[in-house]
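See below for the structure under consideration.
The values are calculated or read from the model by the stated rules, or taken from the named source; none is laboratory data. None of these values were measured; they are calculated from a predicted model. Ideal geometry is used to build each Cβ from the backbone, glycine not excepted, and the neighbour counts take in all protein chains shown. Each accessible area value is taken on the protein alone, full model and side chains, heavy atoms only, with ligands, DNA and RNA left out. Shrake-Rupley method; radii C 1.70, N 1.55, O 1.52, S 1.80 Å.
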Amino acid sequence: MTHTIILKDHTFKMHFSGALFWEEHSILLISDVHLGKVSHFRKYGAAVPQQAVQQNFEALTAVVEHFKPKTIVFLGDLFHSALNTEWLLFENWVQKTAQEIILVSGNHDIISPLKYEALNIKVIPELTLDSFLLTHHPEERDGFFNFSGHIHPAIKLSGLGRQSVRLPCFYKTEHQMILPAFGEFTGTYTLEPCEGCEVYALMGDAVLPVPIKEVKKKRFKRK
């Protein structure tokens, strides 16, 4: 279910849901849940199954119960857009969750911080802890290892013939790790492996390292 990696003498466990558990601080990192997106698209006629709404909350509950962290840190884009009916479901989920919750705000987090503060959720632009920098957008800052989201990274794996599959992944470079999007119906952005990178693909209920056979010096770009 998990894959463990050591960074700066700290232990991190990657979960198949896309969450990352920081063992020393008992912090669960989750990025790009995009709550409200399903309801937003359904409102405008998109054929998105209603059960996708509940799947987000079921997945959140499952990963929290698995790790039992002291703190949950959302790395941005927790809610997709303006308030809709999913906010009431989120309020209910928060009320049943004992952990401290922090939101590192992302570009989609346009709901007033006062709404989060009423739920005892702290909203901040970034978080630094033990030479680690937690942000929504990927950043490079001297002396820090950066955890971020925003990109919704995926890797394309090719098989025999023209067969291929695209899988969400944790994407790690020397000073940075980009978390996969946690939410249902979020989409992905395929990244080309760069020199020295490590890729950990989400495959069902497992996280598996992907051997990088052909390294391409290509940087990612996402608006």
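Do any residues in the range 168-184 that are closer than 13 Å to I151 by Cα and among the charged types (D, E, K, R) have Cβ atoms under 8 Å from those of residues that are assigned to a strand (DSSP E or B) and open to solvent by 10 Å² or more (accessible area, probe 1.4 Å), where the two are at least six apart or on different chains, and which pairs are they?
K172/I5; K172/E198; K172/Y200
Of these, I27, I72, I6, which one is modelled with pLDDT of 95 or more, open to solvent by 20 Å² or more (accessible area, probe 1.4 Å), over 16 Å from L202 (Cβ atoms) and of a type in the set (A, V, I, L, M)?
Matching residue, one of I27, I72, I6: I6.
Quick one: in the range 82-113, which of the residues that are modelled with pLDDT under 95 and open to solvent by less than 40 Å² (accessible area, probe 1.4 Å) is nearest to P69 (Cα to Cα)?
In this case the residue turns out to be F90.
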